[in-house]
Amino acid sequence: MGASGWAYFAKYKKDLGAVLEGLREETFRAKKFYSVDPKAKPATIEELQEMNAEEGTHSILDIGAIADTASFGVAAPLPKDELVALLGTDKPDHKVVAAKAHDLQTVRTRWEGTYVIVYKDGKPDEVFFTGFSGD
């Protein structure tokens, strides 16, 4: 099938792990993911991941944690200098992030995510998660 790109904006909370988990739950409930068996009705994200195995879900469900450094199944921020080079600021607003969404999606390898804090009136307002996953 090949990997699929994905991107999401979520309301900012200081606990970025909670933001990620809320987004994952919302995505799962809305059934906005790939399933190797469209007739199956997994009850949990974990059941879906087990069923899909290395195919992945082609969604944020393939990212399970936040860290300072990206790795398999982990979303991480860009270093400040890379963020500024790509977006022109270290406090981008929604419009700037949306305009560079594709560029942000491709800064990491498959199965790794990137997140960016999005600002409004100089204060954190949203978190943008992006990446690509699946096989």
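Just so you know, all these numbers are worked out from the coordinates, no wet-lab data involved. Computed from a prediction, not measured in an experiment: that's the story for all the values here. Heads up, the Cβs are rebuilt from the backbone with ideal geometry, glycines too, and the neighbour counts pull from every protein chain shown.
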* Structure fact -> Scaled by the rule-of-thumb 2.2 N^0.38 Å, the alpha carbon Rg for the chain gives a ratio of 1.04
* Within a Gaussian network of the chain (alpha carbon springs, distance under 10 Å), most fluctuating of Lys100, Lys14, Lys31 -> Lys14
* Roughly how big is the chain's charge dipole about its Cα centre, with Cβ charges of +1 (Lys, Arg) and -1 (Asp, Glu), in debye to the nearest 20? -> 500
* 222 nm mean residue ellipticity, helices alone, for the chain (DSSP H n ≥ 4; -39,500 (n - 2.57); rounded to 500) -> -8000 deg cm²/dmol
* Given Lys11/Lys41; Lys14/Lys39; Lys31/Lys100; Lys32/Lys91; Lys31/Lys120; Lys11/Lys80, which pairs have Cα atoms separated by over 32 Å? -> Lys14/Lys39
* 0 to 90° range, to nearest 10: angle between helix 16-29 axis and the chain longest Cα axis -> 40
* Report ³J(HN,Hα) in whole Hz for each residue of the stretch 115-132, in order, from the Karplus equation J = 6.51 cos²θ - 1.76 cosθ + 1.60 where θ = phi - 60°; Gly and Pro get x. => 10, 10, 6, 9, 9, 9, 6, x, 10, x, 10, 9, 10, 9, 10, 8, x, 8
* Quick one: compute the contact order of the stretch 4-133, relative version, from alpha carbon pairs under 8 angstrom and 6+ residues apart, as a percent. => 31
